[in-house]
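Taken together, the values in this text are just the output of simple stated rules run on the coordinates, not laboratory data. Predicted model only: the values in this text are computed from it and were never measured. Heads up, the Cβs are rebuilt from the backbone with ideal geometry, glycines too, and the neighbour counts pull from every protein chain shown.
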Amino acid sequence: MSGSITLRTPFKIQNFESIEDSIMTIFPDIEAYLQKQLIKGIKKADLATLVYSELELNFKLFIVKNYTKDLDNYIQREAKHVSKEVMKDTLLSTISITLNVSDESSRKLSQNDYLFSLRKIINNTKL
């Protein structure tokens, strides 16, 4: 899949040039991770599914690491009568790479979109 994709949350919108670009931004040490999995004996054919799970975890970390200030500002504005920590936990629990990221025609990306792109990254990586 080519074309830009957009990350949309209530507190931040960010565009990426492609799914591969977003993967490399969200999971910058993916190549080292791939190398480590191969050393453990994971077959190259099985890497995409394994890396997808790790990508989901890295996505949440990416949000927290890069948008904490935006998230805190949003909660300050919106959470006048509720616990700010509860709202933050709830908001973060609703963020996912398939629900919050869409392609240039506003179609939500699916796990298959990511798996296709992950296979491309794996095949293009010197492993």
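Restricting attention to the stretch 63-127, which GluC sites (Glu not before Pro) occupy a DSSP loop and are surrounded by at most 16 other Cβ atoms within 10 Å? Intermediate values should be presented prior to the final figure.
On the way: sites: Glu78, Glu85, Glu104; in loops: Glu104.
Filter output for the stretch 63-127: Glu104.
Can you pick out the pairs among Lys40/Lys88; Lys40/Lys126; Lys40/Lys108 whose Cα atoms lie more than 26 Å from each other? Before the final figure, lay out the partial values.
On the way: Lys40/Lys88 36 Å; Lys40/Lys126 17 Å; Lys40/Lys108 34 Å.
Checking Cα-Cα distances, Lys40/Lys88; Lys40/Lys108 exceed 26 Å.
Each listed q (0.13, 0.14, 0.22 Å⁻¹) maps to a log10 I(q)/I(0) for the chain, found by the Debye formula over equal Cα scatterers with no solvent: -0.57, -0.65, -1.25. Please give the length that would be gained between Ser102 and Met87 if that part of the chain were fully extended, namely 0.36 nm times their separation in residues minus their C-alpha to C-alpha distance (nm, one decimal). That works out to 3.0 nm of additional length. Around the amide H of Ser18, modelled in the peptide plane, lie the amide H atoms of Ile5, all under 5 Å away and 5 or more residues distant in sequence or on another chain. Projecting label points 7 angstrom from Cα along Cα→Cβ for Asn15 and Asp70 puts them 1.4 nm apart.
Using alpha-carbon pairs under 8 Å, 6+ residues apart, how would you state the relative contact order of the stretch 1-97 in percent? Walk me through the numbers before you get to the answer.
Values: 60 pairs, mean separation 23.9, N = 97.
In percent, rounded to a whole number, it is 25.
Under a Cβ-only charge scheme (Lys and Arg +1, Asp and Glu -1), can you give me the dipole magnitude of the stretch 48-120 about the Cα centre, in debye to the nearest 20?
On the way: 11 positive and 10 negative charges, 16 e Å.
Here the size comes out at about 80 debye.
For the pair the stretch 1-26 and the stretch 55-85, the centres of their Cα atoms are 18 angstrom apart.
Between the residues Thr90, Phe16, Ser106, the greatest Cα displacement towards the positive end of the dipole of the stretch 5-124, with unit charges on the Cβ of Lys, Arg, Asp and Glu, is found for Thr90. Using Cβ point charges alone (K and R +1, D and E -1), the dipole size of the chain about the Cα centre works out to roughly 180 debye.
Which of the three applies to the stretch 88-127, rounded, prolate or oblate, going by the alpha-carbon gyration tensor with a ≥ b ≥ c and a/c under 1.5 meaning rounded?
Working: a/c = 3.69, a/b = 1.75, b/c = 2.10.
Oblate.
Could you work out how far helix 84-93 tilts from the main Cα principal axis of the chain, as a 0 to 90 degree angle to the nearest 10? Taking Cα atoms only, the helix is inclined about 30 degrees.
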